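**Student:** Starting off with a structure, shown below.
Each value in this text was obtained by applying a stated rule to the coordinates, not by laboratory testing. For clarity, every value in this text was computed on a predicted model and none was experimentally measured. Every residue, glycine as well, gets a Cβ built from its backbone with ideal geometry; the counts of neighbours run over all protein chains shown.
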Ligand code: PLP
Ligand code: CA
């Protein structure tokens, strides 16, 4: 069925039937570091009407506490408990799998992943500042052009966005996955691109994940949207049934699919990466229930 534009009558039905709104962040709340217009008053209106709010981002660069700070710096008060980042999802996935305490995690990605793993009591190393060229020169046996050794206790490699990605990090992750028996390969997300700045999209974690898929010939477990893992975790925490949730996002193949996979209502906003013509293109087979320009349209519709 094709999507309907949000209107006074369907908004009332949606609003009355939904207890919790799940908001994607980039393209819905902000673009890069810039707040999208009308967001604070929209969130305020929803809170004043007793709706639960949850913020779900695939960007693994930051931890939940770093995202809480970002919200605060943009003038929005959001508690850490309302935030679900793919960095947190990676840590929760390993905990759910009873990751052995004697094993370590090698991270190709940001400090956010390292912080969430540490908070979950999991030993991790790697991250954005390790194995940069100078380290690599010390670690690599240049004559034989191979690593002197890699840590055999690495039981999982977590891959997320890493602007300092390089050949040595790829080699270290590849060695762990190929040579350590049972080593897990976890992707925080597979977004093709993301907003590093408001004006331009840059290669996303999907690019780094694809490199490791290429070298290992293995497929990762994806813990971010559209995977059901994050949704199952979230449902347990908030104790709301899927039919009483609405997922609001700007990307069809992550946000809208994430909501649809779980049986939530879905609302696409056109303030991010998806245009109305892309939504209505006959080749697009992901149709949200509703679409509208920005989340602030909800404020006007709630007054009618
Ligand atoms: N990954 C990266 C690196 C990004 O920069 C972004 C958006 O800026 C995303 C993922 C997608 O984030 P979200 O799920 O909040 O749209
Ligand atoms: Ca988004």
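**Student:** Which order do the peptides 93-100, 219-226 take when ranked by the mean count of other beta-carbon atoms within 10 Å per residue, highest first?
**Tutor:** 219-226, 93-100
**Student:** With a/c under 1.5 counting as rounded, go ahead and sort segment 1-53 into rounded, prolate or oblate using the C-alpha gyration tensor (a ≥ b ≥ c being the square roots of the eigenvalues; past the cut-off, prolate if a/b is larger than b/c, else oblate).
**Tutor:** oblate
**Student:** Give me Rg over Rh for the chain, both radii from the alpha carbons and Rh done the Kirkwood way, two decimal places.
**Tutor:** 1.01
**Student:** Angle check, please: helix 205-216 long axis (alpha carbons) against the longest principal axis of the chain (alpha carbons), in degrees 0 to 90, nearest 10.
**Tutor:** For 205-216 against the chain, the angle is about 40 degrees.
**Student:** Please build a GNM for the chain, connecting alpha carbons under 10 Å apart, and tell me which residue among 264, 183, 25 fluctuates the most.
**Tutor:** 183
**Student:** Okay, next question. Specify the residue with the greatest mean-square fluctuation among 149, 201, 115, computed from a Gaussian network of the chain linking alpha-carbon atoms under 10 Å apart.
**Tutor:** The residue with the greatest mean-square fluctuation here is 149.
**Student:** So, one more: How do the peptides 102-112, 168-178 rank, highest first, by the average count of neighbouring beta carbon atoms within 10 Å per residue?
**Tutor:** With the highest mean Cβ count within 10 Å placed first, the list reads 102-112, 168-178.
**Student:** Right, here's the next one. Students often check this: by mean Cβ neighbours within 10 Å, which of 233-246, 152-165 ranks highest, and how do the rest follow?
**Tutor:** 152-165, 233-246
**Student:** Suppose R0 equals 22 Å; then what is the FRET efficiency for residue 304 and residue 48 from their Cβ-Cβ distance, rounded to the nearest 0.05?
**Tutor:** 0.85
**Student:** Sticking with this structure for a sec: Taking only DSSP H segments of four or more residues, each worth -39500 (n - 2.57), what value at 222 nm results for the chain once the sum is divided by all its residues, to the nearest 500 deg cm²/dmol?
**Tutor:** Estimated from H runs of four or more residues: -10500 deg cm²/dmol.
**Student:** Calculate the spin-label point distance for residue 149 paired with residue 79, positioning each point 7 Å from the Cα along the beta-carbon direction, and give it in nanometres.
**Tutor:** 4.7
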